[in-house]
Structures are given as C-alpha cells and as structure tokens.
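Down below is the structure, laid out as structure tokens.
The values are calculated or read from the model by the stated rules, or taken from the named source; none is laboratory data. Computed from a predicted model, the values in this text were never measured in an experiment. A quick note on method: Cβ atoms are made from the backbone with ideal geometry, for glycine too, and the neighbour counts reach across all protein chains shown.
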Amino acid sequence: MATFELRGLIKAYGKTRVIHGIDLLIADGEFVVFVGPSGCGKSTTLRMIAGLEEVTGGEIRIGDRVVNEVDPKERNLAMVFQNYAIYPHMSVRQNIAFGLYTSPLSKADKARKVDEAGALLGLTPLLDRRPAALSGGQRQRVAIGRAMVRDPVGFLFDEPLSNLDAQLRAQMRIEIKDLHRRLGTTIAYVTHDQVEAMTMADRIVVMKDGHILQAAPPMEIYDNPVDVFTARFIGTPSMNIVPATQSGGVVTLAEGDPNLLAGVRPHDLLVGSTIADPGLTLTGTVTAVEPLGPETLVHFDVAGRSIIATAPAHGPVTIGATVTALAPRGHVHLFDAGTEKAMGRA
Ligand SMILES: Nc1ncnc2c1ncn2[C@@H]1O[C@H](COP(=O)(O)OP(=O)(O)OP(=O)(O)O)[C@@H](O)[C@H]1O
Ligand SMILES: [Mg+2]
C-alpha cells in the first residue's frame with residue numbers, strides 16, 4: 001500500500017511544456033480518476049508515475065520515497081492499458097502467471113497466486129482456455145490478473161475499458177470498483193468516460209492543458225464546479241451557460257457584455273414546471289426533442305444559443321413550438337464572465 005504524491009511536477013518534450021507543475025496527493029487506498037480533453041496530459045502524468053516517462057521538473061513520491069530516478073520495475077506498480085497485451089498462444093493461467101515470470105517465488109506459490117487472482121476475477125472456470133475463446137471483458141480481466149499477482153503497491157489504469165462495448169464497460173466498471181474495495185490498493189485511473197469517472201472515483205482530477213483545475217469527490221465537482229470548463233466537462237448533457245444579470249436572487253438573461261454567466265444543468269431546467277418563484281426562466285423555440293425513456297431532453301434556441309432542458313416522458317413538446325423552462329432557486333450556478341471562475345449560486 002502506498003500514497004502517490006506529485007509535487008510541482010513538470011514535463012516538457014523538447015521546449016514544449018505539456019505538464020505545468022502539478023501538485024496532487026493521492027491517499028493510501030484512494031481511487032483517483034483523471035479526466036480531461038484529449039492531449040491535456042493524463043497519460044503523460046500516469047506514465048511519469050509509472051516511470052515510463054522521465055520527469056522534467058518537480059518530484060514524484062511513492063510513500064515517502066522520491067522515485068524520480070527509480071527504475072519502473074522497482075516502483076512495484078501495475079499498469080493496465082487500453083491495449084492489454086495478452087498472449088494468444090498461452091492459456092489464461094499461463095497469461096496470468098506471466099506476471100510472475102521474474103518472481104523468486106516457488107512454483108507452488110506462483111500457482112497459488114494465479115489461482116487466487118483467477119478466483120477473485122471470476123476466471124476460475126476459464127483458466128485453461130486460450131484468449132481467443134474469451135469475451136473482451138474476460139480478456140481485460142486476464143490483463144488485470146497478470147498485473148495483480150505481483151502484489152503491486154498501486155494500480156495505474158489508462159483507459160482500460162475503452163475497447164469494450166457499452167454493456168461490458170458497465171460490467172467491468174462494477175468489477176474494478178469491487179476489486180478495489182477488496183484489495184484496498186491505491187489506484188490512478190485515466191478515462192474519457194464521464195460515467196466511469198463519476199461512479200468509480202473517490203476523487204476526480206479534472207485536467208486541462210497540463211494543469212489541474214479541480215480535484216474533488218465526484219458529487220462535489222458536480223455540485224460545485226470551480227469554473228465554467230469543469231462545470232461543462234462533468235455532467236451529461238453539459239451544463240447550459242448563458243450571459244446573465246442577477247437581482248434579488250433571480251437571474252435573467254442579459255444582452256451585450258454582461259459581467260456574469262449563469263449555468264444551469266439540463267436536469268435542473270424543467271419544461272412544463274409550475275414551480276413558483278424560479279431562479280431562472282428561459283423561453284425559446286424547440287429545435288430537437290430526444291425521448292430517453294424516463295425523461296425527454298428538449299433542445300431549444302434562446303437568443304441564438306442552444307439550450308437543453310428536461311421534459312417529462314410522453315410530453316407534448318414538438319419541434320418549432322415555443323417552450324418555457326424553469327430552474328428552481330439554488331440550482332443556478334454563477335460565474336464571473338471575465339475569469340469564468342465560480343461565484344456561488346442563485
Ligand atoms: N513523445 C512525445 N513527444 C512530444 N509530445 C508528446 C509526446 N507524448 C505526448 N506528447 C504531447 O503531450 C501532450 C499530452 O499528451 P497525453 O498523451 O498525456 O494526453 P492525454 O491527456 O492522455 O490525451 P488522450 O485523452 O488523447 O489520451 C499532448 O499535447 C501530446 O501531443
Ligand atoms: Mg491518453
């Protein structure tokens with residue numbers, strides 16, 4: 001078990017800085033998920049922790065040891081990638097045992113560890129199969145098993161589920177989370193997938209352009225995003241943002257150059273709502289209607305801006321109609337229009 005700590009961590013390729021001095025302490029046993037747009041430096045950060053990429057400046061600590069110059073093998077971390085390399089000519093058992101290839105353990109101890117990992121991952125009935133006879137999710141579990149048998153102090157996952165279909169991803173999400181609960185190992189996990197980040201993380205780290213914007217528990221980020229970027233990045237569909245003015249707790253759409261931006265999540269902006277005294281009211285022409293089953297997303301146009309609101313299932317909303325959507329007080333996020341930093345709620 002171990003903490004991972006990044007102190008003023010910098011990475012440059014040639015003269016180009018891609019990580020700009022980030023600080024982060026990942027607690028022992030914590031599950032931290034890195035999210036951010038493509039190219040923001042998630043994989044680079046993970047690869048520096050693993051020792052696969054040299055550090056340009058700052059420090060990486062595992063436990064209380066600075067590991068900047070420590071060989072990847074000596075860091076005792078397990079890495080699982082999107083393109084997990086499992087060997088087609090080896091059985092599941094042999095593939096998992098490959099993780100112990102250089103281990104000094106006795107043959108019997110190795111066999112026991114492989115059996116334990118197989119059992120923990122639900123692979124026991126499949127141990128003698130070849131990878132070709134496994135589903136994508138089962139193959140991913142073999143790759144995790146191979147990483148697990150080494151008793152790593154932490155796991156590093158770089159988009160491990162992105163090659164799987166939606167149903168398998170949903171299943172593996174639960175399995176990895178469950179594995180974490182049982183092993184209690186520190187995990188740093190990179191994903192593009194909102195749902196993975198929200199459901200698996202103890203803490204989400206939102207990155208942009210080589211900086212950390214916010215590192216907080218999922219619901220804290222969802223409820224209190226620090227800026228417009230984070231507000232729009234976490235939550236699906238994205239938070240609506242409109243120029244606004246505020247007076248007496250009520251926010252109204254503004255023309256011209258406002259000094260406020262108002263943000264409201266589609267799930268807080270309700271078509272056909274009869275709440276009295278709303279915090280924000282938006283009216284516009286419907287451009288698209290998306291029935292999702294339990295609710296319907298309504299896209300409408302307000303002064304040239306595309307807004308998404310929620311309507312009840314089987315609602316009468318049609319394209320071209322005029323709709324009014326209301327957000328209750330307390331559910332309107334306010335941002336400074338210049339800095340785009342959060343300023344609380346209305
Ligand atoms: N070997 C390299 N040489 C030069 N630049 C690199 C190298 N590897 C990565 N970069 C650059 O560093 C930045 C961060 O890349 P990184 O792979 O960490 O992004 P990422 O957040 O993992 O993106 P994605 O979500 O697409 O995987 C990008 O601008 C990328 O082009
Ligand atoms: Mg990446």
Worksheet item: Going by the conditions given, is Arg65 without any contact (Cβ under 8 Å) to a residue 12 or more places away in the chain and away from ligand 1 (no atom under 11 Å from the Cβ)?
Response: yes
Scanning the stretch 53-97 residue by residue, those surrounded by fewer than 17 Cβ atoms within 10 Å (Cβ to Cβ) and under 15 Å from Arg150 (Cβ atoms) turn out to be Asp71, Pro72, Lys73, Glu74, Asn76
Checked pairs for the stretch 145-159, first among the acidic types (Asp, Glu), second assigned to a loop (DSSP other than H, G, I, E, B), C-beta under 7 Å and 6 or more apart or across chains, list as Asp158/Gln82; Glu159/Gln82; Glu159/Thr191; Glu159/His192
When (1) free of Cβ contacts under 8 Å to residues at least 60 places away in the same chain; (2) surrounded by fewer than 19 Cβ atoms within 10 Å (Cβ to Cβ) are applied to Val298, the one that fails is (2)
(1) in contact with a helix residue (DSSP H, G or I) (Cβ under 9 Å, 6 or more places away or on another chain); (2) without any contact (Cβ under 8 Å) to a residue 60 or more places away in the chain all hold for Ile19 apart from (2)
For the stretch 127-170, the count of residues that are part of a loop (DSSP other than H, G, I, E, B), over 23 Å from Gln94 (Cβ atoms) and in contact with a strand residue (DSSP E or B) (Cβ under 7 Å, 6 or more places away or on another chain) equals 2
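Return yes or no: is Gly136 within 23 Å of Gln82 (Cβ to Cβ), at pLDDT 90 or above and either within 16 Å of ligand 2 (Cβ to nearest atom) or surrounded by fewer than 18 Cβ atoms within 10 Å (Cβ to Cβ) (or both)? Explain how you work it out, then say what you get.
Numbers: within 23 Å of Gln82 (Cβ to Cβ): yes; at pLDDT 90 or above: no; either within 16 Å of ligand 2 (Cβ to nearest atom) or surrounded by fewer than 18 Cβ atoms within 10 Å (Cβ to Cβ) (or both): yes.
Considered against the rule, which asks whether it is within 23 Å of Gln82 (Cβ to Cβ), at pLDDT 90 or above and either within 16 Å of ligand 2 (Cβ to nearest atom) or surrounded by fewer than 18 Cβ atoms within 10 Å (Cβ to Cβ) (or both), Gly136 comes out as no.
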For the stretch 15-31, check the following and say yes or no: at least one residue is surrounded by 21 or more Cβ atoms within 10 Å (Cβ to Cβ), of a type in the set (Lys, Arg), over 20 Å from Asp202 (Cα atoms) and within 11 Å of ligand 1 (Cβ to nearest atom).
no
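Working only within the stretch 35-52, note down all residues that are surrounded by fewer than 21 Cβ atoms within 10 Å (Cβ to Cβ) and either closer than 25 Å to Gln194 by Cα or more than 16 Å from ligand 2 (Cβ to nearest atom) (or both). Show your work before the answer.
Start the filter on the stretch 35-52 by keeping residues that are surrounded by fewer than 21 Cβ atoms within 10 Å (Cβ to Cβ), which leaves 37-39, 43-44, 47, 50, 52.
Those that are surrounded by fewer than 21 Cβ atoms within 10 Å (Cβ to Cβ) and either closer than 25 Å to Gln194 by Cα or more than 16 Å from ligand 2 (Cβ to nearest atom) (or both): Pro37, Ser38, Gly39, Ser43, Thr44, Arg47, Ala50.
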